[in-house]
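Quick notes on the structure that follows.
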Amino acid sequence: MRAVRGVMAALALVAGIAAGAAQAQQAPMTPMASPAEPDAIALNTGGFAGSTGPETWFEQWGDPFVRNVTIATLTPVLPDPDKATGAAVIVAPGGGFMFLSMGNEGWEVAHALADRGVAAFVLKYRTRPTPQDAAAFEAGVNAMFSGAARPPAPSAQAAESPFADQVADATAAFALVRARASEWRVDPERIGMVGFSAGAMTTLATTLSSPSARPAFIGSIYGPLTTVEVPADAPPMFVALAADDPLFAHSGFGLIEAWRVAGRPVEFHLYQNGGHGFGLGNPGKTSNGWFDVFMRWLAANDFSTPTHAD
């Protein structure tokens, strides 16, 4: 337990950095109406302490984002039954725990997985409170990135479990997918999780601190590579990062080495370029190919081998 607390505290420090820098290379934030989410299923994990503003959506770079999330949901994106392999992935978008990149790191990834026969489930996990006023929110993010403001030091309670809400949401997501596995044509033993940036932190924190989640495999896409104590039953892990990532490319590769030393399966791709937040990939960047590599990795490890079970 002490090792888990240490890992959570280390990730909490990284989360503070991510919250401050997640919006590098700013583009205007444009308010947008809340999209219809007819397939979203409430996870009933409670609200977020201190959050009083309503859930708010905005666009940036043409992509949808959401902030002030107090009701966690899971949205299934299922493959054609004739394509279904039985594998499933819970997709956790990033956003520095201040917001979620629902398009670039959520729905688009889920549809790409479903097109390959993998059932996908977009996790809209709870986020930290932000100002209700859009201009104040944008100014706060810009100030944080510029260094004019710093996140407060975490309390002792927060350091003990800095991602408790997000881990609870992810754990509930695993429980829901397993409970409805037959309906969704999912093999309950082949449910993994892939996260982007803060979503990668959520994925790792869930893997290390939630015994009931039990992901069959995990993917960390441009997440931190902070070293951890790896449990003996840690799942196979796929990691992708760009060498020019301004957040996480300059702190060593402790996470990879820890997995390797523990004798657990790990695959790591350090791409020449791509920056941070590239989602499925940006044209002209070497990181553009990570998704195809990830799908080959799933197949090579027999996670996406069709079962043809009803």
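Listing for the model above:
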read-out: Net charge over other residues, Cβ less than 11 angstrom from the Cβ of T305 (K, R count +1; D, E count -1); value: -1
read-out: Heavy-atom surface of segment 188-262, accessible at 1.4 Å and reported per residue (Å²); value: 32
read-out: Global size of segment 175-310 as Cα Rg and Dmax, reported in angstrom; value: 15.2, 47
read-out: Reference-scaled alpha-carbon Rg (2.2 N^0.38 Å with N residues) for segment 236-310; value: 1.27
read-out: Heavy-atom accessible surface of segment 49-124: percent carbon and sulfur, 1.4 Å; value: 52
read-out: DSSP-defined beta bridges in segment 59-135 - what % are antiparallel, rounded to 5; value: 70
read-out: Under Karplus coefficients 6.51, -1.76 and 1.60, residue-wise ³J(HN,Hα) of segment 57-64 in Hz, glycine/proline x; value: 10, 8, 10, 8, 6, x, 10, x
read-out: Viscosity 0.890 mPa s, 25 °C: Kirkwood-radius Stokes-Einstein D of segment 78-144 over Cα pairs, µm²/s; value: 182
read-out: Principal axis dimensions, segment 204-252 - Cα atoms, whole angstrom, descending; value: 35, 17, 14
read-out: Accessible area of segment 204-260 belonging to carbon and sulfur atoms, whole % at 1.4 Å probe; value: 55
read-out: Segment 91-116 residues near the modelled D292 label - backbone nitrogen below 16 Å, point 7 Å along Cα→Cβ; value: 112-113, 116
read-out: Antiparallel content of DSSP bridges confined to segment 173-300, in %, to 5; value: 0
read-out: Vicinal HN-Hα couplings computed from phi for segment 251-266 (Karplus, 6.51 cos²θ - 1.76 cosθ + 1.60; Hz; Gly/Pro x); value: 10, x, 10, x, 4, 5, 5, 4, 5, 5, 4, 6, x, 9, x, 8
read-out: Under Karplus coefficients 6.51, -1.76 and 1.60, residue-wise ³J(HN,Hα) of segment 83-90 in Hz, glycine/proline x; value: 9, 4, 9, x, 7, 9, 9, 8
read-out: 9 Å beta-carbon shell around G279, net charge (K/R +1, D/E -1); value: -3
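The values are calculated or read from the model by the stated rules, or taken from the named source; none is laboratory data. Just so we're clear, the structure is a prediction, and the values are computed from it rather than from any experiment. Cβ coordinates were reconstructed from backbone atoms using ideal geometry, including for glycine residues, and neighbour counts include every protein chain displayed. Note: areas computed on protein heavy atoms with side chains; ligands, DNA, RNA excluded. Shrake-Rupley method; radii C 1.70, N 1.55, O 1.52, S 1.80 Å.
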